[in-house]
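These notes are about the structure you will find just below.
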Amino acid sequence: MMMETWGEGFEVLKKIRATDTGKNTPLFMLSAVDLQGPYQSFEPPPEFPKVDRVLQKPVKADDLLGYIANALGK
């Protein structure tokens, strides 16, 4: 889903992790933050629940499928 504000994705993550199903579900965040610009890295704030991987857009479909398979232990 497309987030309208910078922190909105983190709030969604927090709500998912607060559910019984979401506690152990692998979650990935995709970001369009330009790491060549003023941001040299992009990681969720430490106070937010665990995210399994932060991916930079664009993500190749084969790479995404590989990350998912790895997270699921396949």
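Read-outs throughout are calculated quantities, based only on the coordinates presented, and are distinct from any laboratory measurement. Source: prediction; values computed, not measured.
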- [ ] Return the sequence-ordered ³J(HN,Hα) values of the range 59-74 in whole Hz as given by the Karplus equation 6.51 cos²θ - 1.76 cosθ + 1.60 applied to θ = phi - 60°, using x for Gly and Pro.
- [x] 10, 5, 4, 4, 5, 4, 4, x, 5, 5, 4, 4, 5, 8, x, 9
TODO: For LYS23 and GLU11, compute 0.36 nm times the residue count separating them, minus their Cα-Cα distance, and round to one decimal in nm.
DONE: 2.9 nm
TODO: Scan around LEU30 for amide H atoms under 5 Å from its own, H built in the peptide plane at 1.01 Å from N, and keep only partners 5 or more places away or cross-chain.
DONE: LEU55
